[in-house]
Structures are given as C-alpha cells and as structure tokens.
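Below you'll find the structure, written out as structure tokens, and then a few comments.
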Amino acid sequence: MTKLKAGVIGAGGMGATHARGWMKAEGFELVAVADVDLPKAEALAEKYGAQAFGSVEALLSSGIEAVSVCLPSALHRSVSEEALQMGCHVLCEKPMALSVADCDAMIEAARIAGRRLSVAQVVRFFPEFANAHSLVQSGGVGKPAVVRTRRGGGFPGWSSWFGDEAQSGGILFDLAVHDLDWLLWTFGPVERVYAKGLTERGFERLDHALITLRHASGAISHTEVTWADPKGGGATFEIAGDAGLLAHDSRKEVSLSFRTETRTGSGRPLIPSDDPYDKQIAAFAHAILSGGPLAVTAEEGRSAVAVAAAARESLKTGRAIAL
Ligand SMILES: NC(=O)c1ccc[n+]([C@@H]2O[C@H](COP(=O)([O-])OP(=O)(O)OC[C@H]3O[C@@H](n4cnc5c(N)ncnc54)[C@H](O)[C@@H]3O)[C@@H](O)[C@H]2O)c1
C-alpha cells in the first residue's frame, strides 16, 4: 500500500520527537522537515532520509498529506491554518493557540478544508494518566470529589521564546495546559477558575502558579505548575473519590497506587517501548487512515486554552472567573 507523506514544521526539540513518531507511524512516511534555521532542518531531515526546507511555504508546496506543527506557540494558528488550506491534516503541538479566538479560527479552517485537526495533548498518552482516566471513568474511585496535580521542572531554557509571554503564553499556557486538558478530559467541563501565581509580580522566567477549578460535576481540582524547581521535576496527581484514592508520582519507582474500601494496589505501568509521544502520532495517523475519532479533538484543545485564558484573567484580576 502507498504510504501517505508526512512532514514536520519546526526542527527543535518537539520537531525531533514528532519526526521519530511519524517514522514509526503505520501507513505514513516522513518526507519533509522545515525550519527557518535551515541547517537545523537539514540535520533532522538527514537522520530520516527526508527533504529539508527553509520555510513553511516551501514544505507545504511539496505535496505532503499530514503535518506536525512544532513551532513557538504564537505561530500555531497561522501555520496550522496555512497547512489546512493547503490540504494537510494537522497535528498541532500544545497549547493549540494562545487565545480562544485563534482556536476558533483554526477549527473553522479545518472545517472549510475538510481536514483533520488535532492537538498534541500528550499527557493523555502517559500510561499513569491514561490508566487513571480509565479507572475514574469506570467508577474506580466512586464519585470524584477532590483532585490535585503538580507538574514541575526548571525554566525551558533551550529556547529564549519561552520567556516571552506573547510567544509562549507563559507557564499557564505552556505547562499548565497539559494538566488542564487531562482534568477536563477526566472530570468534565469546568464552571469556574481561580488562579494565583508569580507572573504578575514580574518573575517572568521563575514562574509558578496554582489553578483551582470547579467542575460542573461538583468535583474540585487544583493544579500546581512550576518553572522554579530544576531538580524537582516530574508529575504527580492524587484523586479522591467517595470510594477510593488514586495517586501517582512519576519520580517514584512504584509510580501509581490506589486504595479503595476493598482493595489496595500499586504498580509502574510505563514500559520502555510504550512511548507516549510515538503513541499520540500513531493515534493521529490511525484516525486519518480510518476516518475514526481523534484521540484529542480540536474542540478539546480549545477547551484547555479557554481554561488557561480564564486562569490568566483570574491571576491578573484576583477574581474567580466563570466560564
Ligand atoms: N508536548 C510536550 O511535552 C512539549 C514539550 C516542549 C515543547 N512543546 C511545545 O512544542 C512547540 C515547540 O517547542 P520546542 O521545544 O520544540 O521549541 P524549539 O524552540 O526547540 O523549536 C522551535 C523551532 O521552530 C523554528 N521556527 C521558529 N519560527 C519559525 C518559522 N516561522 N518557520 C519555521 N520554523 C520556525 C525554530 O528555529 C526552532 O527550531 C511549542 O508549542 C511548545 O509549547 C511541547
């Protein structure tokens, strides 16, 4: 069977990860990589026998069918729209965009083009987060009441644009959006958002925020994110329901544990071959080929951006924001 042609736009850290994923995805071959920094595109393309381009336009004119957008986040909207208009299916890195209006424009562009648009909310593909989602959905902890997540590390200093809120959206859009998407996916729509953080005090790079969500179900979740903890990176969650407690700490050997009235248990579900980034590309590739549902819809990407935007408004005004 002829393979579909895939490309990657942006040859930075995530571009390299997506290129690897497309190489492994069934039914696709990676044929093109673009970056304004042409030598960077060439180095990545050479690794996989693909062609390198020095501009988005040149890559999109080369006849590819699916593309990953792995650019600084402020460019997600314009480049995704361009790719959709050229007839490509688009997997856009998170955050989908830096405003709800931009997300809406992208959704509309996909509708007009009749192409698939998904967002790389990769946390859904991390086994502990995927398992916890399934356990919650199947009633494993009863009715969820209180949820806590934490995600941290140092400032993403490999590229200067992360420190520019206009380019990255700051910690709320860049880091918290991972957990906001997972919380929405697992515990349902959010009615109210309240956030506190350092951003408004001028700590542009040493950022830290705490976001509290009230879900329509009545569950309360809070997510804490930090760029001020270079040695304490990792992700944790704790889910308390009326029938059990489920906890995860990525820094521990036994990373997932649960306790209900009748059972306790623990485990480490991640196996080395189970790479979440490869899995998300395989899932997108499969949805394109089968016409089946996307693992992450553009509307879901938009919802996570809407909550991040509400968190930013709350952080700036000191008020809780209703959605
Ligand atoms: N899912 C995750 O775990 C994860 C992790 C890191 C970053 N990200 C997201 O991935 C995206 C990319 O992040 P990154 O860490 O790869 O950034 P990066 O800075 O490493 O790479 C971005 C690349 O885009 C190129 N570029 C910039 N403007 C361009 C343009 N107009 N045309 C073509 N190329 C251009 C740069 O030269 C650079 O090589 C961001 O949206 C970020 O939020 C996701």
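Quick note: the coordinates plus some simple rules give every number you see, no bench work behind them. Everything numeric here is computed off the predicted structure, so don't read it as measured data. Every residue, glycine among them, receives a Cβ derived from its backbone with ideal geometry; neighbour counts consider all protein chains shown.
Would you be so kind as to identify which of T149, V79, V36 lies farthest towards the positive end of the dipole of the chain, taking Lys and Arg as +1 and Asp and Glu as -1 on Cβ and the Cα centre as origin?
Looking along the dipole axis, the top candidate is T149.
Once fully extended, how much extra length lies between I112 and S78, figured as 0.36 nm per residue of separation less the alpha-carbon to alpha-carbon distance? Walk me through the intermediate numbers first.
Values: separation 34, 0.36 × 34 = 12.24 nm, distance 1.52 nm.
Length gained between I112 and S78: 10.7 nm.
Of T236, T226, how do they rank once you tally other Cβ atoms within 10 Å and put the fewest first?
On the way: T236 18, T226 23.
Ascending Cβ contact count within 10 Å gives the list T236, T226.
Among S250, G169, L91, whose Cα projects farthest towards the positive end of the dipole of the chain, with charges put on the beta-carbon of Lys, Arg (+1) and Asp, Glu (-1)?
S250
Sort W185, W158 by Cβ crowding within 10 Å, fewest neighbours at the top. Walk me through the intermediate numbers first.
Values: W185 20, W158 8.
Final ranking by Cβ density, sparse to dense: W158, W185.
Just how large is the dipole of the chain about the Cα centre, in debye to the nearest 20, putting +1 at every Lys and Arg Cβ and -1 at every Asp and Glu Cβ?
Details: 32 positive and 37 negative charges, 157 e Å.
Dipole about the Cα centre, nearest 20: 760 debye.
Could you give the angle, 0 to 90 degrees to the nearest 10, between helix 38-48's Cα long axis and the longest principal axis of the Cα atoms of the chain?
That works out to roughly 80 degrees.
Given the -39500 (n - 2.57) contribution per DSSP H run of 4+ residues, what per-residue ellipticity at 222 nm results for the chain, rounded to the nearest 500 deg cm²/dmol? Working shown, then result.
Working: 10 runs with 113 residues, N = 323.
The helix contribution divided over the chain gives -10500 deg cm²/dmol.
Helix 276-290 sits at what angle to the longest principal axis of the chain, using alpha carbons and giving 0 to 90 degrees rounded to 10?
60 degrees
Over the C-alpha atoms of the chain, what are the Rg and the largest Cα-to-Cα span, Dmax, in Å?
19.5, 60
Residues with amide H under 5 Å of A120's amide H, sequence separation 5 or more or different chain, H placed in the peptide plane at 1.01 Å from N; which?
Amide H to amide H, under 5 Å and 5 or more residues apart or across chains, A120 pairs with C92, E93, K94.
For K231, go through the lysines and keep the ones whose alpha-carbon is under 22 Å away, minus same-chain ones fewer than eight residues off.
Straight-line reach from K231, under 22 Å: K252.
Taking other Cβ within 10 Å of each residue's Cβ, how do E128, E238 sort, fewest first?
Details: E128 22, E238 15.
Ranking E128, E238 by Cβ neighbours within 10 Å, fewest first, gives E238, E128.
Can you work out the Karplus-derived ³J(HN,Hα) for every residue in region 55-61? Use 6.51 cos²θ - 1.76 cosθ + 1.60 with θ = phi - 60°, whole Hz, and x for glycine or proline.
8, 4, 4, 5, 5, 5, 7
Can you give me the angle between helix 298-317 and the longest principal axis of the chain, using Cα atoms only, in degrees from 0 to 90, rounded to the nearest 10?
Taking the Cα atoms of the chain, the angle to 298-317 is about 60 degrees.
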